[in-house]
Structures are given as C-alpha cells and as structure tokens.
Amino acid sequence: MRRYPDYKDSGLDWIGEIPEHWDTLKVKYAADLTNEEADGDRVAFQVALENIESKTGRYVATDGTYAGTGSGFRAGDVLFNKLRPYLAKVYEADRDGVSVGELLVLRPQDGVDSRFLFYRMLSADFISVVDGSTYGAKMPRANWDFVGNLGIPLPPLDEQRQLAAYLDRKTAEVDALIAKKRALITRLGELRAALVHRAVTKGLDPDAPMKDSGVEWLGEVPEHWTMTKLKYELDEIGTGGTPSTSNEAYWADEGGTPWVAISDISAQTVITRTAKCVTDAGLKAGRLEVLPAGTLLISIFASLGKTSVLGVDAAINQAILGLVPSASLNRDFLKLYLVALEPFIGYYSSSNTQENLNLTKVKNLDLPLPTLEEQERIVSHLQERGRAIDEIEERERRLIQRLEELRTSLISEVVTGKVDIRSEPLAEAAASAEPAAA
C-alpha cells in the first residue's frame, strides 16, 4: 500500500509524522468521559471486562450478571479498559447498556467517528503508551488524567469513516482466516482422539475377528484380546497428600522434593517441574511417598481423568493416583488407553455433586489387553500419526500468530496514516455511500 503524498510532524513522540491534512487532538477533546446513572432498561445489557475479547474488541456473552455498579452507556460509546491495559480490551457499544468494573466510557464528540475512535484506542501503539503509564504492582491501572491528555492523530470526519470501514472489512477477512485455522486445529484434535480410541480399543487390524467386551462404552474388542481389570496389571498404585499449608517448614521454593498438584498435570504431559516443593519434614508429616520418574499419573478429582508422566522423582497430592504398570502392560499404551477413557470416565465415577474417582474405582477400570508386542505396535503407530498431526497443528498455530500480527499492524498503520488506503475500492465505496447515509 502506498503512503500519503505529504506528511508533517505530529508533535507526538510516539506517533512521529502524520499526513499533512490530519490534525492532532487530545482524547478528552475527542470524546467526553461519561458517568451516567444506568436506568432499568440499560441494566439488562451489561458489559464487563470478561465480555470484551482482547485485541479484537468483540463482545463475548457470558452466563449470569455481574455485581457492582458502573456507568450507563449508549450505542456508539467506546468503552476502554483501564485495568491491565496491555490486555487491549476496547469495545464500541452497539446498543445502550451499563459497564461493570474498570471501564472508561467515552462518548465521541461531533466530528469524531466512534468506529474510528475504537480502532484508534485499540491500536498497539496507543495501548503501549497507556500501559507504560499504569500504577500499582498487582493490579496495574491507567487513569483518565493520563489517557484524556494523550494526543491522537485525527483525519477529517469523512476520512475517519473511510478508514474505519476499510478496517472493518480487512479485519473481518483476517478474522475469518483465523477462525478457519482454529476450526482445523479443533478437527485435528478430534481426529487424534478418534485415532487413539480406535487403536486402543479395536486394534490396528480392521479385519480382526471381534467379540463383545461386556462393557457398554467399549463395545466390541478384538477376539484375541484379554478383558481384565487394571488392578491385575499394576505393580504399584497409590495416592499422596498435602502437608499443612500453614507450616512453612513443610514447603520449599526450591531444593525440596517436587510436589505434584492437579494444575501441574494440566500444564505438562511430562512433569519436570512443579509449582511447589516439599521439604523432608513435609514428606514425613504428610506421610508422602516419593514416586520414581516414569510413574504414570491420573487425576481423580476436579480435572477428572487427566494423565501425565513423572519426568522427575516427585510426591503427589491426594487428588492424584500414581500407577506403575506390570511387565505385561506397556506404560505408554496404558496412558493412551486412559486418554481414550477420559470422555467415558463418568461410567466409573459416582457422586451426588461432582464426578470423582478413588483408588478402588481406578483399580477396577476395565482394560482390554492385547499382547505386549501388539501394545508396542499400537503405541508406535499412534506416536507416528501423532507427530504428523502435531506438525500440522504447529504450522497452523504459527499462521494464526502471523495473521494476528498482521491484524495488529494493519490497524496501527491505518489509524496513524502510515498508509493511504483512500483509493482502495472498499474505501472509495464507503466514501461515496456516506452522503446517502447522512
């Protein structure tokens, strides 16, 4: 894209040059900070930080309502997040409502297009400057005095509308591409799960004679496989505990024994580090056993059925079981089987309030068992297929990152006048349509 014919110094260090015919204006003169009391009708539509998607400004619906009071807003107002502004949460209201929490409600002045102001305040350069002004270590905030006194480049009103319309179209195109790639990643995850489930419950030979497993969720399994219970194929199974969290002598930031919690399992497929460590005194007080590296872990509370493998010697808490397979059960096959079992874990759990497992239930999990040689073939096959899927997923994630960077860069370049898009077909169409819309 080409540049504007002529530029001038904006007088703003963080902007540099702007097109010759553009002006600069402080935010407080471009929009009024409003603090209207919300009436009954507007309370029906609430917008909190949770409802604003970072970097896109899209509204995200959530269940329920939010406690607290906020400013009423009208359609066309721009809501700017002053808490942790680096999150880049800006929203242009499409209807009347009430803001909840740390949001500045700005009402554009005459001569300022609300959509252009939305993009101007969403741009990476604006967010960066505001973020640099924040105060407070744990909950950094920006204040209106700083935001309101920031100068921003402002083209004529009709050009603002051209630029906003152009960005609407171009960001929508980028967003559509991102959505397609995210959908592909989702489908790849579903394909991976289907491949694992079929391989560990049906085997690799589609022509193998089958028999009824006697287990509803399993259905048929290969005729030559043995149906057994997990407890008969384990050398060890046990759980852990939690030493008193109020006794500092039981806990260490480093140098102690790694202590695995559910959050560690959720974050790592092979656990090499933990958020917390326990001292020797903590091990003794909690009667904790140190499990060897290679132990297979499964969560039995909360994130039910999640699995991981210890990459280091570690202790575990009471929400996790450690499993050491016997010589006839390949550890990686067991892990894959437990992954396939996860969607059906409710078949084995029972609770009035929340699905949970326990030691006895895990011991009695149904296990379709091929020979050790066949287990190893299944593991090798799934690892090979998994690597191919991983490569595609990684490629798509990199492309998503590039598209997100393109989106961010496009907004900044357009609202700062670094590129001239007025001759683009879309911008010309928006300009010609403006009188008819007036």
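The values are calculated or read from the model by the stated rules, or taken from the named source; none is laboratory data. Every value quoted in this text rests on a predicted model; they were computed, and no experiment measured them. Every residue, glycine as well, gets a Cβ built from its backbone with ideal geometry; the counts of neighbours run over all protein chains shown.
General remarks:
- Which listed residue is at pLDDT 95 or above, hydroxyl-bearing (Ser, Thr, Tyr) and not assigned by TED's automatic domain parsing to the domain that holds VAL112, from SER423, SER349, SER326: SER326
- Selection from the stretch 61-78 of residues that are touching a helix residue (DSSP H, G or I) at 6+ places or on another chain (Cβ under 9 Å), surrounded by 21 or more Cβ atoms within 10 Å (Cβ to Cβ) and not charged (D, E, K, R): PHE73, VAL78
- Identity of the residue in the stretch 84-99, out of contact with any Ser or Thr (no Cβ under 6 Å at 6 or more places or on another chain), in contact (Cβ under 8 Å) with a residue 40 or more places away in the chain and not in a loop (DSSP other than H, G, I, E, B), that ends up farthest from ASP131 (Cα to Cα): GLY97
- At least 1 residues being within 29 Å of the chain's Cα centre (by Cα) and among the aliphatic types (A, V, I, L, M) is the threshold, and among the helices (runs of 4 or more DSSP H) wholly inside the stretch 235-343 those reaching it are 262-267, 331-341.
- Matching option when the condition is closer than 30 Å to GLU396 by Cα and surrounded by 17 or more Cβ atoms within 10 Å (Cβ to Cβ), among ALA164, ALA142, ALA176: ALA164
- In the stretch 266-283, the residues that are hydroxyl-bearing (Ser, Thr, Tyr) reach residues that are in a strand (DSSP E or B) with C-beta atoms within less than 6 angstrom, at least six apart or across chains, in these pairs: THR269/SER308; THR274/PRO258; THR274/TRP259; THR274/VAL260; THR279/ALA252.
- A residue that is acidic (Asp, Glu), touching a Gly at 6+ places or on another chain (Cβ under 9 Å) and in a helix (DSSP H, G or I) cannot be found anywhere in the stretch 17-38.
- Scanning the stretch 352-409 for residues that are over 22 Å from LEU218 (Cβ atoms) and among the hydroxyl-bearing types (Ser, Thr, Tyr) turns up THR353, SER380, THR408, SER409.
- Any hit, the stretch 174-188, residues being touching a residue at least 24 places away in the same chain (Cβ under 8 Å), outside the structural domain of LEU399 (by TED's automatic domain parsing) and in contact with a helix residue (DSSP H, G or I) (Cβ under 7 Å, 6 or more places away or on another chain): no
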